[in-house]
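Here is the structure we will look at, set down as structure tokens.
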Amino acid sequence: MSARDGPTLITSVQRAFRLLEAASAHENGAPAKQLARETGLPLATSYHLLRTLVHDGYLRKLPDGGFILGDRLQNLHTTGRGQALLSRVRPTLAALRDELTTAAYLTFYEEGEIRVAEIVDGPRTPRVDLWVGFEDAGHATALGKSVLRELDDDSRKDYLSRHHLADLTPRTITGAAELLRHLDASPVAPAVTDLEEYALGTVCVAVPVYSGDTLGSLGVSLPADRLSRIEEIRARLIPAAGRVTRGLSLTG
């Protein structure tokens, strides 16, 4: 493309960013003419780019003609902040993986569901085969049970009322009352175990963590023949969970 053919794609992207920056400075919105003036762009170019940004959800046009940041941009900001938080704790998960020779997992309880946020594994420390999603297997995983153990009674009942306690292995606890007794009587508290309840041949240990007010869990999985290491693993998990909580709770 020659200079005579008009702005390059890179130039268009740069101009769009300038309009987004200008719009972000006006909490109550600014009209196209004002944004064009502040960015030094031709009005026709500004109109074209603003329409595109509105169409794609990066801007929103108000009834009075002003433009403000759109939901899609806000979502990107939220996602980016979450990625930044996870980047702070990945080294702790990697150190746990290398120290214990196990895959390491991090989950959060969000919108009533237990969701995997991060898995750190490797060639010598493969992750468990997630053949059933954690959202449907909270009752059968140490990570899920760790979260359930920390919830209050009403939140536990709400979760269990919305999730079928599927029989994933012969060892899976499928009765709500038995599950709650098991959680409250964990012999390695505050750690919780999954003894081949999610997958035969695999055991897991998990402890609670927090990201601000959001509850989560940190855990590891290992072959069942290494079950004798549970006390050692629990002893390493608890301080690691403290480091993860501190990393997730830092501001800025």
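Treating r as the C-beta distance of residue 43 and residue 111 and R0 as 35 Å, the FRET efficiency rounds to 0.20. Here the dipole of the chain is about 1100 debye; that uses its Cα centre as origin and unit charges on the Cβ of Lys and Arg (positive) and Asp and Glu (negative).
Length, then width, then depth: along the principal axes, the Cα atoms of the range 123-216 run 39, 30, 25 Å. When 89, 116 are compared by accessible surface with a 1.4 Å probe, the order from highest to lowest is 116, 89. For the range 154-198, the carbon plus sulfur part of the accessible surface works out to 51%, probe radius 1.4 Å. Go ahead and set up a Gaussian network model of the chain, Cα springs under 10 Å, then flag whichever of 213, 121, 136 fluctuates most. Its mean-square fluctuation being the largest, the pick is 213. Given their separation in residues at 0.36 nm each and the Cα-Cα distance between them, residue 14 and residue 72 gain 19.0 nm when the chain is fully extended.
Ranking 164, 48, 26, 139 by solvent-accessible area of protein heavy atoms (1.4 Å probe, all protein chains present), from largest to smallest, gives 164, 48, 26, 139. Between 0 and 90 degrees, the angle of helix 43-55 with respect to the longest Cα principal axis of the chain falls at about 20 degrees.
Modelled this way, with points 7 Å down the Cα-to-C-beta line, the labels at residue 28 and residue 177 are 6.2 nm from one another. Once the GluC sites (Glu not before Pro) in DSSP loops with at most 10 neighbouring Cβ atoms within 10 Å are cut out of the chain, the longest remaining piece is 112-252.
Largest first, the extents of the alpha carbon coordinates of the range 7-150 on the three principal axes equal 60, 31, 24 Å.
Beyond 32 Å, the tail of the calculated P(r) for the chain holds 42 percent of the Cα pairs. Model label points for residue 185 and residue 169, set 7 angstrom from Cα along the Cα-to-Cβ axis, are 2.1 nm apart. Over the range 168-252, the alpha carbon radius of gyration divided by the compact-protein estimate 2.2 N^0.38 Å works out to 1.19. Largest mean-square fluctuation among 218, 69, 237, in a Gaussian network model of the chain whose springs join Cα atoms under 10 Å apart, belongs to 69.
The values are calculated or read from the model by the stated rules, or taken from the named source; none is laboratory data. Just so you know, these numbers come straight off a predicted model, no measurement behind them. FYI the Cβ positions are ideal-geometry reconstructions off the backbone, even for glycines, and counts take in every protein chain you see. Ligands, DNA and RNA are stripped out before the accessible areas are found, and what is left, the full protein with its side chains, is counted by its heavy atoms. Shrake-Rupley method; radii C 1.70, N 1.55, O 1.52, S 1.80 Å.
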